[in-house]
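What follows is a single structure, written as structure tokens, with notes after it.
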There are 2 protein chains.
Amino acid sequence: MAETHFNKIALIGIGLIGSSLARVIRQKNLAETISIMTRSQATLDEARKLDLGDEYSTDYGDVVRHADLIIVSVPVGASASVAKDIAFHLKPGAIVTDVGSTKTSVIEQMQPHIPEGVHFIPGHPIAGTERSGPEAGFAELFEGKWCILTPLEGTDPEAMAKLTAFWEACGSNIDLMDHEHHDRVLAIVSHLPQLISYNIVGTAKDMETVTSSEVIKYSASGFRDFTRLAASDPTMWRDVCLHNKEAILEMLARFSEDLSSLQKAIRWGKGDELFELFTQTRSIRREIIEAGQDVDVPDFGRQIASEHSDK
Amino acid sequence: MAETHFNKIALIGIGLIGSSLARVIRQKNLAETISIMTRSQATLDEARKLDLGDEYSTDYGDVVRHADLIIVSVPVGASASVAKDIAFHLKPGAIVTDVGSTKTSVIEQMQPHIPEGVHFIPGHPIAGTERSGPEAGFAELFEGKWCILTPLEGTDPEAMAKLTAFWEACGSNIDLMDHEHHDRVLAIVSHLPQLISYNIVGTAKDMETVTSSEVIKYSASGFRDFTRLAASDPTMWRDVCLHNKEAILEMLARFSEDLSSLQKAIRWGKGDELFELFTQTRSIRREIIEAGQDVDVPDFGRQIASEHSDK
């Protein structure tokens, strides 16, 4: 395993992901200096109050200069401007990575600005909650989760090994993927569910004959499962939509086609067809639980969680 | 408060809801005799093994005769045939109720068969998990949950008071509603989310360029939230679709319209429109948590639940 101690790690952006990184870096002693940068003074003050790092600045130069590892954790739409602003300060041999939910667009935005001799390796930790901001982070966020790296052709093997070891030290399992394939996989497992959640919550909000207090009161019958995702950071998700457009539109089209078939089966009372679909989908849940990707307690363990909610 | 002790309660159907009722009736001593009926001998044997009742039979007459309260907990499509089969054995003054997810259809199916002098009061406890069968039930299922009653015109007040007291003794809060309004409310808060879950899981299953093992591996990024509902009992949900068709088709149409707008906003890169939708939906989550209808821990408290999953 490669060395996992960096002299200085610069965190650009200190939201849920950035602040979780800050916490795990300190907990596992992965850097001599944690340097935190964000454009908002209020957010920076919050990070300082939470004692997340060693240095704080709203200036790119201050944090990037001398850093060995620079982790960009900003909404993907800001990638180009961040790359442009840090480029001048990057030291030779430094590793630049990101945590964005779309990879092709981030590469197009950042790659042209990265100077010769600096290693740019795009990444995406598959970890998060519906919360956002520096307070929402926690050191265990990446534990047992996948982190996908999408290295470009000719990436330096030593830099790859160092970044891999870093994420492993954070508790993640590493997967390598082509950036275009990443964007299609994430479009179906993450971006489509997210959009469907936003959409159904929007539909319910607009009902005239069912009041919004009724929607809230009886949400335990299914609706509330969708509201968790729909509570996620709007800026982040706006940017994902705008920067993984092709793949997302394809998944939405497929979903709509399937929904039309389902609608038709209901309209014509095709009980057997409905029964077959409703049976097939059961097996996926079982496989997800067997793969350790969800908890095998009814209702996501909400009863247990509510007993702990005073924590 | 009315008397909550019945001489004999007959449970027709002993799945998740029926078996939870059996457990809470015994725990709270709500009946002298719990009589259990189901058509499947295997399920009946399972109920007996779990010691859920005092009498067991696959014959309607055996359990319904002498019963003061008859609770029908079967897929809604079976309501007419059950009503026909129990009708002859019902004693004057008995209360017949059900737990079905659609009310207009259940009333149309059952009401014509109920003899004069027997009180038929349709009901729907808003409680459940993705599990099914007699083993899945538990006594606390109804605690703090809403139970909607949709009494017909001219319902005997004393019978209403008795049934209300019964559900309250099970831990439920009672709501009264017109049966048609019930079906529209449930179509949006329960039936639509359920169908969308089935549909998205189906769409993911059919992908050619993303493997099903990738869908499972990265499901924590959003997809898995949908798989819980999609693991529910297929027979129950087939029947709901067939028996609340009009309301469901209307909700599906509204949802599809909204989805088309969303699709268009993505295609044309309308970031402001996306941001506005994604912001509005956040507030509903907050209201649901304030109303005590979901837990206020990130990720539905899955981390806590996984620590308890050996229970």
> Given q = 0.09, 0.12 Å⁻¹, what are the Debye log10 I(q)/I(0) values for chain A, with equal point scatterers placed on the Cα positions and solvent ignored?
Replying inline: -0.52, -0.89
>> What distance in nm lies between label points placed 7 Å from Cα along the C-beta direction at B:Glu135 and A:Ala291?
In response: 2.5
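DSSP beta bridges in chain B, what fraction antiparallel, as a percent rounded to 5? Write out the running numbers ahead of the final one.
Numbers: 3 of 27 bridges.
Bridges in chain B are about 10 percent antiparallel.
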>> Of the candidates B:Arg131, B:Arg26, B:Arg224, which one comes out as most mobile in a Gaussian network treatment of chain B with C-alpha springs shorter than 10 Å?
In response: B:Arg224
> Amide H neighbours of A:Val118 under 5 Å, counting only residues 5+ apart in sequence or on other chains, H built in-plane at 1.01 Å?
Replying inline: A:Gly93
>> Restricted to Cα positions, what overall size does region B:1-100 have along the principal axes? Three whole-Å values, descending.
In response: 34, 31, 23
> From the label point of A:Ser213, set 7 Å from Cα along Cα→Cβ, how far away are the matching label points in the other copies, in nm, ordered shortest to longest?
Replying inline: 5.3
>> Suppose you put the label 7 Å out from Cα in the Cβ direction; list, shortest first and in nm with one decimal, how far B:Gln111 is from each other copy's label.
In response: 6.7
> What is the sum of charges around A:Asp206, taking Lys and Arg as +1, Asp and Glu as -1, for the other residues whose C-beta is under 12 Å from the C-beta of A:Asp206?
Replying inline: -1
> To the nearest µm²/s, what D does Stokes-Einstein give for region B:155-278 at 37 °C and 0.692 mPa s, using the Kirkwood radius over alpha carbon pairs as Rh?
Replying inline: 183
> What percent does the relative contact order of chain B come to when contacts are Cα pairs within less than 8 Å and at least six residues apart?
Replying inline: 16
>> In region B:106-146, whose amide N lies under 11 Å from the spot 7 Å out along Cα-to-Cβ of B:Thr33? List them in ranges.
In response: none
> Looking down the axis that turns B into A, which residue of B has the closest beta carbon, and how many Å out?
Replying inline: B:Phe300, 2
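Are there chymotrypsin sites (Phe, Trp or Tyr not before Pro) in region A:1-101 that DSSP puts in a loop and that have at most 15 other Cβ atoms within 10 Å, and which ones? If you can, show how the numbers build up before the last one.
On the way: sites: A:Phe6, A:Tyr56, A:Tyr60, A:Phe88; in loops: A:Phe88.
For chymotrypsin sites (Phe, Trp or Tyr not before Pro) across region A:1-101 that sit outside H, G, I, E and B with at most 15 neighbouring Cβ atoms in 10 Å, the list reads A:Phe88.
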> Roughly how compact is the protein assembly as shown, stated as its Cα Rg over 2.2 N^0.38 Å to two decimals?
Replying inline: 1.08
> For region B:103-177, what is the largest minus smallest coordinate of the Cα atoms on each principal axis, given in angstrom and ordered from greatest to least?
Replying inline: 36, 24, 19
> What is the gain in length, in nm to one decimal, between B:Ala42 and B:Phe88 on full extension, counting 0.36 nm per residue of separation less the C-alpha to C-alpha distance?
Replying inline: 14.0 nm
>> Taking just the alpha carbons, could you work out the radius of gyration and Dmax for region A:6-177, both in angstroms?
In response: 14.3, 41
> For peptide A:244-256, how many partner chain Cβ atoms fall within 10 Å of a residue's Cβ, on average?
Replying inline: 4
>> Measuring nothing but label to label, 7 Å from Cα along Cα→Cβ, what are B:Asp178's distances to the other copies in nm, shortest first?
In response: 5.9
> Any idea what Rg and Dmax come out to for region A:229-311 if you just take the C-alpha atoms, in Å?
Replying inline: 18.1, 50
>> Once you place label points 7 Å from the Cα toward the Cβ at B:Asp175 and A:Glu180, how far apart are they in nm?
In response: 5.0
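Loop only by DSSP, 13 or fewer other Cβ within 10 Å of the Cβ. Give me the GluC sites (Glu not before Pro) in region A:47-137 that pass, ordered by residue number. Show your work: numbers first, answer last.
Working: sites: A:Glu55, A:Glu108, A:Glu116, A:Glu130, A:Glu135; in loops: A:Glu116, A:Glu130.
Those satisfying the criteria are A:Glu116.
Counting other C-beta atoms within 10 Å, and keeping those with at most 14, which DSSP coil chymotrypsin sites (Phe, Trp or Tyr not before Pro) do you find in region A:262-311? Walk me through the numbers before you get to the answer.
Values: sites: A:Trp268, A:Phe275, A:Phe278, A:Phe300; in loops: A:Trp268.
The qualifying sites are A:Trp268.
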>> Quick check: convex hull of the Cα atoms in region A:268-311, volume per residue, rounded to a whole Å³?
In response: 97
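Would you compute, from DSSP H runs of 4+ residues alone, the mean residue ellipticity of chain A at 222 nm, taking -39500 (n - 2.57) per run and dividing by the full residue count, rounded to the nearest 500? Spell out each step's value before the answer.
Details: 14 runs with 146 residues, N = 311.
After summing the helix terms and dividing by residue count, I get -14000 deg cm²/dmol.
Calculate how large, on average over all directions, the projected area of the Cα convex hull of region A:143-195 is; give the answer in nm² to one decimal. Before the final figure, lay out each step's value.
Working: hull surface 16.5 nm².
Its Cα hull, projected and averaged over all orientations, spans 4.1 nm².
Where a number appears in this text, it was derived from the coordinates with a stated rule and is not lab data. Here the structure is a predicted model, which means the values were calculated and not measured. Positions of Cβ are generated from backbone atoms using ideal geometry, with glycine treated the same way; all protein chains shown enter the neighbour counts.
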